[in-house]
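> Quick one: the structure is below, questions incoming.
Just so you know, all these numbers are worked out from the coordinates, no wet-lab data involved. All figures in this text were calculated on a predicted structure; none of them were measured in a lab. When we count neighbours, we look across all protein chains shown, and the Cβ atoms used for this are built from the backbone with ideal geometry, even at glycine.
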Amino acid sequence: MSATPELPLPDFDQLSVGDITHRIRSLQLDQVRQLLEHERSTAGRVQVQEILAARVEQLEAGAEPSAGDPSKAPPVQGADAGSSVGPDTAAEATTPLRHGVAEQTPKRGQP
């Protein structure tokens, strides 16, 4: 099995769409193409593919990468923290209204 080549953005697969949009601005054309191919062959997030393809078009049309080193960006926050959702944070258990008519749910709000 061949090793996965190092991606130009650390933790790319855990980055949000907003983070990707900002962090690709400093990448060269070949780096953005590498990310696009990686995204197509792995997660396949449509919005990420569209953002990367648009950046490829911009760079091919003469846009210049901005200054900065994306590898020096702060690490991804909260990716491994899990969810804070649990029984103690859940909404109060009530019977929802049926079709929005209160009379059809006589025990609403009662245990």
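> In nm, what is the difference between 0.36 nm times the number of residues separating Arg45 and Thr89 and their Cα-Cα distance?
That works out to 12.8 nm of additional length.
> Using a cut-off of 9 Å between beta-carbons, work out the net charge of the residues near Phe12 (Lys and Arg +1, Asp and Glu -1, Phe12 not included).
Neighbourhood net charge equals -2.
> Also, quick follow-up: So if each residue of separation counts as 0.36 nm, and I subtract the Cα-Cα distance between Ala53 and His22, what length gain in nm does that give?
9.7 nm
> What's the local net charge at Leu29, with K and R +1, D and E -1, over the other residues with C-beta under 14 Å away?
-2
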